[in-house]
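Notes for the one structure printed next.
The values are calculated or read from the model by the stated rules, or taken from the named source; none is laboratory data. No experiment lies behind these values; they were computed from the predicted model shown. A quick note on method: Cβ atoms are made from the backbone with ideal geometry, for glycine too, and the neighbour counts reach across all protein chains shown.
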Amino acid sequence: MDYPSKVLAKAVDEISGLPGIGKKTALRLALHLLKQPSSKAANLGNSLISLVNDIKYCRECHNFSDFEICEICSSEKRSDALICIVEDVRDVIAIENTGKYRGKYLILGGKISPMEGVGPNQLNISSIEKKLNEGKAQEFIFALSATMEGDTTAYYIYKKFKNTGINFTSIARGISVGDELEYADEVSLGRSIINRLPYNEKD
């Protein structure tokens with residue numbers, strides 16, 4: 001696609017590098033920004049720079065945060081006894097939107113996937129051991145996607161820590177097999193949290 005300006009072409013290239021955005025959509029967004037007051041584009045640019053430079057990872061659960069410890073981990077209204085194990089931040093947002101969970105989280109940062117070169121050492125699995133050593137956690141809830149990789153990850157964690165005496169449960173499979181957690185509707189996801197099941201090697 002030919003552009004009348006190299007500046008426009010550069011903007012389109014950068015925008016189209018985002019997931020799910022093709023060249024046509026990127027061009028439409030760039031042209032939209034050009035029609036807005038320059039302050040709009042400046043605010044957007046500053047927000048993106050701040051996103052990259054200022055956002056932190058919670059040292060307790062690895063969630064995005066403005067502080068060293070996120071609002072969920074620092075809240076006295078959240079139970080330290082319940083730890084929900086999820087793949088990434090989008091899953092936390094999905095579960096929080098249900099309003100059904102009052103425990104805390106541990107974000108793995110992905111799932112075991114040999115095909116993609118992701119092994120256990122590349123995930124935040126060591127943080128589970130830290131939670132166990134603190135002695136507050138009583139139950140770990142697997143809220144991983146209902147895929148082969150999600151099941152493999154849950155099984156690995158269960159095998160690694162099953163002799164610690166901790167209680168492992170899994171969200172009920174109101175979530176269809178093969179589904180990613182972030183795409184589940186809030187009602188089904190909320191019921192899955194409430195009706196969670198004991199996790200064992202036969203799951």
Exercise for the section: Kindly check whether there is at least one residue in segment 67-75 that is polar (S, T, N, Q) and in contact with a Gly (Cβ under 9 Å, 6 or more places away or on another chain). Expected result: no
Exercise for the section: Please verify whether segment 126-141 includes one or more residues that are under 15 Å from the mean Cα position of the chain (by Cα) and part of a loop (DSSP other than H, G, I, E, B). Expected result: no
Problem - Tally of residues being exposed (fewer than 14 other Cβ atoms within 10 Å of the Cβ) and within 18 Å of CYS84 (Cβ to Cβ) across segment 123-146 - result: 5
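For every residue, the table says whether it meets (1) modelled with pLDDT of 90 or more; (2) within 16 Å of LYS131 (Cβ to Cβ); (3) outside the structural domain of GLU87 (by TED's automatic domain parsing); (4) surrounded by fewer than 19 Cβ atoms within 10 Å (Cβ to Cβ).
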residue: GLY150; (1), (2), (3), (4): yes, no, no, no
residue: TYR158; (1), (2), (3), (4): yes, yes, no, yes
residue: ASN167; (1), (2), (3), (4): yes, yes, no, yes
residue: ALA172; (1), (2), (3), (4): no, no, no, yes
residue: ASP179; (1), (2), (3), (4): no, no, no, yes
Exercise for the section: Could you list, in sequence order, all residues of segment 104-122 that are under 16 Å from the mean Cα position of the chain (by Cα), surrounded by fewer than 21 Cβ atoms within 10 Å (Cβ to Cβ) and in a loop (DSSP other than H, G, I, E, B)? Expected result: GLY109, GLY110
Practice task
Scan segment 64-78 residue by residue and report those that are farther than 15 Å from LYS136 by Cα and surrounded by 14 or more Cβ atoms within 10 Å (Cβ to Cβ).
Solution key: PHE64, SER65, ILE69, CYS70, ILE72
Practice task
With the checklist (1) free of Cβ contacts under 8 Å to residues at least 60 places away in the same chain; (2) among the charged types (D, E, K, R); (3) under 19 Å from SER75 (Cα atoms) in hand, flag the one item LYS100 doesn't pass.
Solution key: (1)
Exercise for the section: Determine, yes or no, whether ALA154 is assigned to a helix (DSSP H, G or I) and under 18 Å from THR169 (Cβ atoms). Expected result: yes
Exercise for the section: Counting only residues that are touching a residue at least 12 places away in the same chain (Cβ under 8 Å) and surrounded by 12 or more Cβ atoms within 10 Å (Cβ to Cβ), give me the helices (runs of 4 or more DSSP H) lying completely in segment 2-54 with at least 2 of them. Expected result: 6-16, 23-35
Practice task
Can you tell me which residue among ILE83, ILE95 is modelled with pLDDT of 95 or more and not acidic (Asp, Glu)?
Solution key: ILE83
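Suppose the filter is outside the structural domain of VAL89 (by TED's automatic domain parsing), of a type outside the set (Ser, Thr, Tyr), on the phi < 0 side of the Ramachandran plot and touching a helix residue (DSSP H, G or I) at 6+ places or on another chain (Cβ under 9 Å); does GLY45 pass it?
The answer is no for GLY45.
Against the condition out of contact with any Phe, Trp or Tyr (no Cβ under 7 Å at 6 or more places or on another chain) and within 26 Å of LEU123 (Cα to Cα), how does ASN43 come out, does it pass?
For ASN43, the condition - out of contact with any Phe, Trp or Tyr (no Cβ under 7 Å at 6 or more places or on another chain) and within 26 Å of LEU123 (Cα to Cα) - is not met.
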Practice task
Answer yes if at least one residue in segment 90-101 is under 18 Å from THR164 (Cα atoms) and either surrounded by 13 or more Cβ atoms within 10 Å (Cβ to Cβ) or in contact with a strand residue (DSSP E or B) (Cβ under 8 Å, 6 or more places away or on another chain) (or both), and no otherwise.
Solution key: no
